[in-house]
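Everything below concerns the one structure shown next.
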């Protein structure tokens, strides 16, 4: 078989530039607009408007997005220093002060970032300020007056205002976005070096990601149509279907203009009959020579229940919509089915998914926003601090207590352990004990005086088999076969006491 031109080129010895990109991701881009959606009704700006309708009108979608936002809002965020060096600790304190010194709170900023879940992406511009104390100028107004540069705000650039994306013509890498929005609808260039782009997925390098509601579009579309038909059916069953009998000449093809106008008016009357506070019809009484009605209006009543149960159909689509984002636990109990174990496993899976999304948020800050911030301030550090998040779910105290009891029952020496005790107290929202410095021993409780407790200094007789004796090598220690003193046994099993 003859070789193609491309194969001949590959077989020719040549020098390959490893720094030059050869292939492309295959992203479908025309004029900066992404065309990866195969459904015409969801291409371009139509997708954003459809996703807005799903988010704002559908109760299941609104419920799952509300649950996600509330769970994320209660997550603890912390700043971790690169080391225990004073300059790294100072850098961590500076980053924490910048997060607390923005025009919007961190919780509100995080809520706007979460819009990348329903829309697939969320673009935020980094706006800085010089911290000059309390001033009237928002570019210098700050709680701090150290003269350093901090974040003023991280405002969102709404998804429906992004007109197109800017890519490098040679490498195809994303360079920024073009925004067209109120009040002047002029084009604004948003460079990627001054922005944070949050996405649910980076397939093909698509800057628009993929909405978590995209797979729920089909069940949502059918559910919407069935609910509309259900509403029309309920209204017609209550009011009855209007029927107007008219003379045949009104329906003839060669009807006059007046007859056609009259027919259209009667059609409008039939369509607009409603059972509400404005109900009522004024209709002419017209008879022929024999006394029969020329025009007649009547309502046909329903013949009974319909063959299809629309409630069950709509519930099926609700489950599919919630199942797309592993949030079908919000429907548990509505059908009088579902065990606690099933609910626990589903919520754990949902919390794991949210934790992955929070990881992507913190990664954007740690890779781009934080290094830019410290680059503007010229901090003498090698590694900047990192922004980290806590757990989504709270530890179940009952399960934790049972686990600790089983460990203790298996012979594991857990206490005294100041770090473990503080962890358990924190889980129960109880006050913790002060940490001991390295090498510092915990002071024993003072013994009561004889005046305070007359029985305090009474000696307790110890049996001979429990008294320490001489070991075979002459050193002091427990008698062979006797019990190990409590202090030595604790150090042996648990390690050095901290």
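Nothing in this text is a laboratory measurement; each read-out follows from the coordinates by a stated rule. Please read these numbers as outputs of a predicted model, since none were measured by experiment. When we count neighbours, we look across all protein chains shown, and the Cβ atoms used for this are built from the backbone with ideal geometry, even at glycine.
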A chain fully extended from residue 84 to residue 383 at 0.36 nm per residue, minus the present Cα-Cα distance, gains in nm 106.4 nm
With the 8 Å Cα cutoff and a minimum separation of six or more residues, region 138-221 has a relative contact order in percent of 14 percent
Between residue 66 and residue 348, the two model label points (7 Å from Cα along the beta-carbon direction) sit apart by a distance in nm of 2.8 nm
Subtracting the Cα-Cα distance of residue 427 and residue 274 from 0.36 nm times their residue separation yields 49.2 nm
Rg (one decimal) and Dmax (whole number) from the Cα set of region 348-416, in Å, equal 19.6, 56
Region 157-201 scanned against label point 7 Å out from residue 18 along Cα→C-beta; backbone N under 18 Å for none
Rounded to the angstrom and largest first, Cα extents along the principal axes for region 60-211 equal 43, 37, 34
For region 241-300, inverting the pair-averaged 1/r of distinct alpha-carbon atoms gives a Kirkwood value in Å of 12.8 Å
Relative contact order in percent for region 241-300 (Cα pairs under 8 Å, 6+ apart) equals 53 percent
Rounded to one decimal in nm, the spacing of the 7 Å Cα→Cβ label points at residue 182 and residue 139 is 2.6 nm
Contour minus Cα-Cα span, residue 417 to residue 376, at 0.36 nm per residue, comes to 10.4 nm
Fewest to most Cβ atoms within 10 Å: 400, 190 sort as 400, 190
Most exposed first, judged by fewest Cβ atoms within 10 angstrom, 223, 406 run 406, 223
Most exposed to least, judged by fewest other Cβ atoms within 10 Å, 285, 102, 241, 433 sort to 285, 433, 241, 102
